[in-house]
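Below: one structure, written as structure tokens.
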Amino acid sequence: MTYTENQKKIASNTNFIYIPQAIGDEIFQTSWADLIKSKIETFVERKEALDSLTQHSLKLPIGKIPINEKSFLDISLESYSAFEHSWNIDSHIPSDIPIKIVLKYSIPLTSDYNIPPSFSRKKDRDSRNIELDSLLKYTVVKLPVSQFLSFIESNEYTTFKNLIADV
């Protein structure tokens, strides 16, 4: 695979979530990086105690941050799956800390939503819109924890916040 094809593949597999500025201010602080680092030590200890088959499915919840009365941001540390680990090795992507941080935005499925008929035609057995249910259930962003920590330590979030404040 060429570099350009690889970049297109990476871009096409990227999810984006929008989080309120107050939550961004919280999770991109250096104190948050210190918390993550302490959790990494616990995670690595637990992972090393597991057999090779279950090491790739370990998940360590960090916490849930309420966004409003109906939704929250669920944050956890997870092992790379066997596929992700192999892909990183084949792609020569360095992973100094072989863990990813997962940000999962969730809203309950209990509310009724007004959906345009053109949104999706995929329905399940109960005539519920499959894509909308999936979208409302979660939007997940998975980041290598080493890059997440370097982003916090570089103070790029403050630079980003100042740039969008000027717009």
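Miscellaneous remarks
- Selection of helices (runs of 4 or more DSSP H) fully inside segment 1-52 by the criterion of at least 1 residues being modelled with pLDDT of 85 or more and among the acidic types (D, E) returns 21-27, 30-49.
- Test for S146: is it under 18 Å from I75 (Cα atoms) and in contact with a Pro (Cβ under 9 Å, 6 or more places away or on another chain): yes
- The residues of segment 34-57 that are within 20 Å of F151 (Cβ to Cβ) and either touching a residue at least 60 places away in the same chain (Cβ under 8 Å) or in contact with a strand residue (DSSP E or B) (Cβ under 7 Å, 6 or more places away or on another chain) (or both), listed by number, are I36, K37, K39, I40, F43.
- Of the residues D112, D124, D96, D90, the single one that is at pLDDT below 70, more than 24 Å from K37 (Cα to Cα) and exposed (fewer than 13 other Cβ atoms within 10 Å of the Cβ) is D112.
The values are calculated or read from the model by the stated rules, or taken from the named source; none is laboratory data. Since the model is a prediction, treat every value here as computed from it, not as a measurement. Cβ: placed from backbone, ideal geometry, glycine included. Neighbour counts: every protein chain shown.
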